[in-house]
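One structure is given here, and the rest of the page talks about it.
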Amino acid sequence: MAESGKIDPMHQFAIEPLFGTDHLSIGGFNIAFTNSALYMVLAAVVLWIFVIGGMKRELVPGRWQMAVEYMTGFIKNLLVANIGDKGRKYIPYVFSLFMFILLANLLGLLPLGLFGLHPFTFTSHFTATGVLAIMSFSIVLIVGFAKHGLHFFSLFVPHGTPALMVVPLFFIELVSFMVRPFSLGLRLFVAMTAGHVLLKVLAGFVINSANASPLLGLTVGSASFILMIGISALEVLVAVIQAYVFALLTSVYLNDAENLH
Amino acid sequence: MPQIAQIAETYSSQIFWLLLTFGFVFFVIGLGMVPKVQGTADARDAKISGDLDAAKAAFARADEAEADYRDRDAESRTAAQAVMAKAKAEAAKASEARLAAADADVAARIAAAEARIQAASSAAMAEIETVAADAARDMVARISGVNATDEAARNAVKAALAHG
C-alpha cells in the first residue's frame, strides 16, 4: 500500500499469524497464534492484573481496590436492576463479558501505531463477537429450559394475547428471539469496525492531502485531523458503550430466562 | 473486508483462542476472583449498615434512658414535695399543740396570780376594816367617852367603806 500511495482502511482488520505458528493445528483445524489471538491474551492478562489489584480485601479500600470493586458493583447493580436478587449468580459471567469486551475495545484504540506496532481490535471480527453472542444466547436457552422446561415457550406468547393471534404472534416472537444472538454479535462488530474504518479514512485524508499539496494539506488535512481528534474521543465512548450494551442486553435476555414475562 | 475475506482460514483460530482466553477470564477471574472482590464489598456494606443500626439502637437506648431519668426525676420530685408538705403539716400541728399548752399554762398562771391578788386585796381590806374599826372606836371614845362595841364599830366602818 505504501508504494501505491494508497492507504487501505481495511488493512487494520487483517489477521496475520505471529511467531511462525501459521500451521499450528488441532484435529485439522488451524489454530495459528495470530495478532487477534495476541490481543485476546493481552485483554485477558490486563484484566487479570486489574482484578488482582482488587484482591487485597481490605475493609477500607485503596484506590485500586476501590476501582475493581466499583466495576463489580456496577455489574451487580446492572444485574439486580434487570433480574432482581436472583441475578447475583450471573455476576462472574457478565463481569467477565463486560470487562473482556471493554478491554478489547480500549486496547484496540491505543495509539500503538506511533511506536511502529500494529494495534488490533478483535471485537471488530464477527468470528469473535459471534462466539461471545452465541455463548450468551446459549446460557439464556440453558437457564430458560432448565428453570421453566417447555413452559419457557410461553415467553413467545405475551399476556392477554387473543386466541386467534396466538399462533402468528408465537412465530413473530420466535423470530425476534432467534435474531438476538445476531443483533448482539453484529452490533459490536459493526460499531467497532465502522469506528476504526472512519478513523483510518480520515487519517488517509490527512496524509494524502498533505502529500498532494501544502494548500490541500492545510485545508482538507487539518480539518480532517481536527475531526479525527473528536472522533477518537467518540470512539473511546463507543468502546465503553458497546461493552455496556453487550452486558446490558445479556442481562435483559437473562431476565427473560430467569423470570419469563 | 478481511473479516469476510479471511474467514475460511481464520475462523478456527479465532474461535479457539477466544474460547481459551475467555475461558481463562471466566473461570480464573470471573469465578475465582470476582466473588471474593464482591464479597469484600458486600461485607463492607453489611458492616456499615450493621454499624449504623447499632448506632441507631444506641441512640434509641440513650433516649430511653433519658426519658427514664426524667420520669424518675419527676417522681422523686413529687415524692420530696409530699414529704416536705407532710413535714410542714406535722410541724404546724406540733407547734399549734405546744402553743395551746403554753396558752393554757399562761392562763393557769394568770388565774393563780389573779386569785393571789384577790386574796391579798381581801386580806388587806379586812386589815383596813380592823384598823378602821379600832380607829373609829378610839375616835368615838375620845369624842364621846362611850366605849363602842367592836361589832358596832365594825358595822359603822363597813357602812362607811361601802358608801366610800
Exercise for the section: Among B:I48, A:N30, A:I226, pick out the residue whose Cα is farthest towards the positive end of the charge dipole of the protein assembly as shown, where Lys and Arg carry +1 and Asp and Glu carry -1 on C-beta, about the Cα centre. Expected result: A:N30
Fill in the blank from the handout: In whole µm²/s, the translational diffusion coefficient that Stokes-Einstein assigns to region B:56-112, given a Kirkwood hydrodynamic radius over C-alpha pairs, 25 °C and 0.890 mPa s, equals 161
Problem - Other-chain or far-sequence residues with amide H under 5 Å of A:T34's (modelled H) - result: A:L18
Handout entry: Cβ-based exposure ranking for A:T250, A:T123, in which fewest neighbours within 10 Å come first
Key = A:T250, A:T123
Completion exercise
Cβ density ranking, 10 Å radius, fewest first, applied to A:L248, A:L112, A:L47 yields A:L112, A:L248, A:L47
Problem - Residue-averaged 222 nm ellipticity for chain A, from DSSP H runs of 4+ at -39500 (n - 2.57), nearest 500 - result: -22000 deg cm²/dmol
Problem - Alpha carbon convex hull of the protein assembly as shown, projected area averaged over orientations, nm² - result: 59.1
Practice task
Can you tell me the FRET efficiency between A:E173 and A:H11 if r is taken as the Cβ-Cβ distance and R0 is 41 Å, rounded to the nearest 0.05?
Solution key: 0.45
Fill in the blank from the handout: Measuring from the longest principal axis of the C-alpha atoms of chain A, the long axis of helix A:222-259 (C-alpha) lies at a number of degrees, nearest 10, equal to 20
Fill in the blank from the handout: Close lysine pairs (the protein assembly as shown; alpha-carbon distance under 18 Å; 8 or more apart or on separate chains) counted at 11
Handout entry: Ranked A:D8, B:D42, B:D103, criterion: other C-beta atoms within 10 Å, fewest first
Key = B:D103, A:D8, B:D42
Handout entry: Coil-residue trypsin sites (Lys or Arg not before Pro) of region A:1-106, DSSP, other Cβ within 10 Å capped at 15
Key = A:K6, A:K56, A:R57
Practice task
Quick one: compute the contact order of region A:5-112, relative version, from alpha carbon pairs under 8 angstrom and 6+ residues apart, as a percent.
Solution key: 20
Exercise for the section: Output the Kirkwood hydrodynamic radius of chain B, Cα pairs only, in Å rounded to one decimal. Expected result: 29.9
Problem - Which of B:A102, B:T130, B:A62, positive extreme of dipole for region B:33-151 (C-beta unit charges) - result: B:A62
Handout entry: Equivalent-ellipsoid semi-axes of region A:120-212, from the Cα gyration tensor, Å, largest first
Key = 43, 17, 7
Completion exercise
note: region A:2-135, Cα-Cα separations exceeding 20 Å make up a percent value of 59
Fill in the blank from the handout: log10 I(q)/I(0) for region B:15-64, Debye formula on C-alpha points only (no solvent), q = 0.21, 0.23, 0.31 Å⁻¹, two decimals, reads -0.75, -0.80, -0.98
Problem - Folded to 0 to 90 degrees: helix A:166-178 orientation relative to chain A principal axis, Cα - result: 40
Practice task
Give, rounded to the nearest 20 debye, the magnitude of the charge dipole that chain A has about its Cα centre when Lys and Arg contribute +1 at Cβ and Asp and Glu contribute -1 at Cβ.
Solution key: 520
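None of the figures in this text is laboratory data; all of them are computed from the coordinates on show. Values in this document were obtained by computation on a predicted structure and should not be read as measured data. Cβ coordinates were reconstructed from backbone atoms using ideal geometry, including for glycine residues, and neighbour counts include every protein chain displayed.
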